[in-house]
1. Could you grab me the full set of residues in the range 50-73 that are within 16 Å of the ligand (Cβ to nearest atom) and more than 18 Å from LEU203 (Cα to Cα)?
2. Out of the range 230-253, which residues are in a helix (DSSP H, G or I), of a type outside the set (A, V, I, L, M) and within 24 Å of the chain's Cα centre (by Cα)?
3. Of all the residues that make up the range 1-48, how many are assigned to a loop (DSSP other than H, G, I, E, B) and not polar (S, T, N, Q)?
4. Could you grab me the full set of residues in the range 27-41 that are surrounded by fewer than 18 Cβ atoms within 10 Å (Cβ to Cβ) and within 15 Å of ARG227 (Cα to Cα)?
5. Look at PRO241 and say whether it is surrounded by fewer than 19 Cβ atoms within 10 Å (Cβ to Cβ), free of Cβ contacts under 8 Å to residues at least 24 places away in the same chain and touching a strand residue (DSSP E or B) at 6+ places or on another chain (Cβ under 9 Å).
6. Only one of these conditions is not met by PRO107: (1) surrounded by 13 or more Cβ atoms within 10 Å (Cβ to Cβ); (2) assigned by the TED database to the domain that holds PRO177; (3) closer than 29 Å to THR215 by Cβ; (4) touching a residue at least 60 places away in the same chain (Cβ under 8 Å). Which number is it?
7. Do the conditions hold for ALA174, that is, is it outside the structural domain of GLN123 (by the TED database) and touching a strand residue (DSSP E or B) at 6+ places or on another chain (Cβ under 9 Å)?
8. One residue is enough: does the range 97-114 have a residue meeting the conditions outside any helix (DSSP H, G or I), over 22 Å from GLN68 (Cβ atoms) and at pLDDT below 85?
Amino acid sequence: MHTAIKTHALSVHSEDGTTLLNEVDLNVTVGERVALMGRSGSGKSLLSSCLAGGLSPVLRRTGIVEIQGNPVKNSHVGRIPRVAVVRQDSSEALNPLVRIGPQLMLPLKVSRRNAAPAGGSGQLLKRVLELLEAVGLPDGHRITRSFPAQLSGGQRQRVCIALALACEPEILVADEPTTALDVVSQATVMEALSANIAPSCTLIFVTHDLTVASTLCERAVVMDSGRIVEDKPMHHLIISPDHALSVSLVTEAVRRSEVSA
Ligand SMILES: Nc1ncnc2c1ncn2[C@@H]1O[C@H](COP(=O)(O)OP(=O)(O)OP(=O)(O)O)[C@@H](O)[C@H]1O
């Protein structure tokens, strides 16, 4: 079993020396789908940034981060090789001056150049339209002709998710990618992620919502105050949560399912 992500004694400190991430040890195998959960401020986004890049330059990181065995020396850079990221508001991932179509075609062109057979532009457009439809944007022809500013926030977010899928990443870090979407779009995007992530793609999925997490992820990592407090298979967490925070995640998920039933 190959390791996709490894952190050891990973800590992050603020400018005034406050410990924000505290000695985080995490090993994720290639193809594993891991839900990163915990209450607001527990360190989920900081850990994601250490893995995907984009850690604020004012923060000090210590400890080891490795992606596929390669040390990540600097989590402050915008992007770590082989890792695609979708954030809660990832619209800065889009170039405001380029129409959506060419932006989505670019990663497809690159991946097809690397792997024969080469696809013609008709095939690339077909795949772009498929991805847009998968994330709940069936009017793909209009979307591809639009500039980012001509789309709504929710449409842009779904384009960003389509962009991450078009990159066919080896590792995808999705930090609350559906939080800003309405309930129907959320469900569509979750289905799109489930259907379009390759089995070999390693997923780190940050969410507050255990129900959402359990549809996509087979492993649950729960964080509290910058530490991992529980790390076990998703079905074990649901049946027998140990930490008080895990218990409240399960209780909340049960309560919501009873309300919606
Ligand atoms: N640039 C920063 N400077 C100082 N403190 C920061 C910075 N970024 C994050 N923090 C602090 O680090 C802690 C963890 O933040 P983080 O964003 O990782 O939480 P989170 O678990 O992702 O929360 P949420 O679910 O609300 O997004 C918080 O206390 C936050 O205030």
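The values are calculated or read from the model by the stated rules, or taken from the named source; none is laboratory data. Quick caveat: nothing in here was measured; it's all calculated off a predicted structure. Reconstructed Cβ throughout: ideal geometry from the backbone, glycine too, with neighbour counts over all protein chains shown.
1. Step one: list which residues in the range 50-73 are within 16 Å of the ligand (Cβ to nearest atom), which gives 50-63, 65.
Matches in the range 50-73: LEU55, SER56, PRO57, VAL58, LEU59, ARG60, ARG61, THR62, GLY63.
2. Kept after step one, since they are in a helix (DSSP H, G or I), are these residues of the range 230-253: 234-239, 244-253.
When the remaining residues are screened for being of a type outside the set (A, V, I, L, M), the result is 235-236, 246, 248, 251-252.
Correct list: HIS235, HIS236, SER246, SER248, GLU252.
3. If we filter the range 1-48 for residues that are assigned to a loop (DSSP other than H, G, I, E, B), which is where we start, we get 1-2, 14-18, 30-32, 39-43.
With not polar (S, T, N, Q) added as a condition, the list becomes 1-2, 15-17, 30-32, 39, 41, 43.
Of the residues in that region, 11 qualify.
4. To start, the set of residues in the range 27-41 that are surrounded by fewer than 18 Cβ atoms within 10 Å (Cβ to Cβ) comprises 27, 29-31, 39-41.
Matches in the range 27-41: ASN27, ARG39, SER40, GLY41.
5. Details: surrounded by fewer than 19 Cβ atoms within 10 Å (Cβ to Cβ): no; free of Cβ contacts under 8 Å to residues at least 24 places away in the same chain: yes; touching a strand residue (DSSP E or B) at 6+ places or on another chain (Cβ under 9 Å): yes.
Spelling it out, it is not the case that PRO241 is surrounded by fewer than 19 Cβ atoms within 10 Å (Cβ to Cβ), free of Cβ contacts under 8 Å to residues at least 24 places away in the same chain and touching a strand residue (DSSP E or B) at 6+ places or on another chain (Cβ under 9 Å).
6. Here PRO107 meets the rest and fails (2).
7. When the stated conditions are applied, ALA174 passes them.
8. Just the residues of the range 97-114 that are outside any helix (DSSP H, G or I), to begin with: 97-99.
Next, from what is left, pick out any that are over 22 Å from GLN68 (Cβ atoms): 97-99.
If we keep only those that are at pLDDT below 85 too, we end up with none.
No, that holds for no residue.
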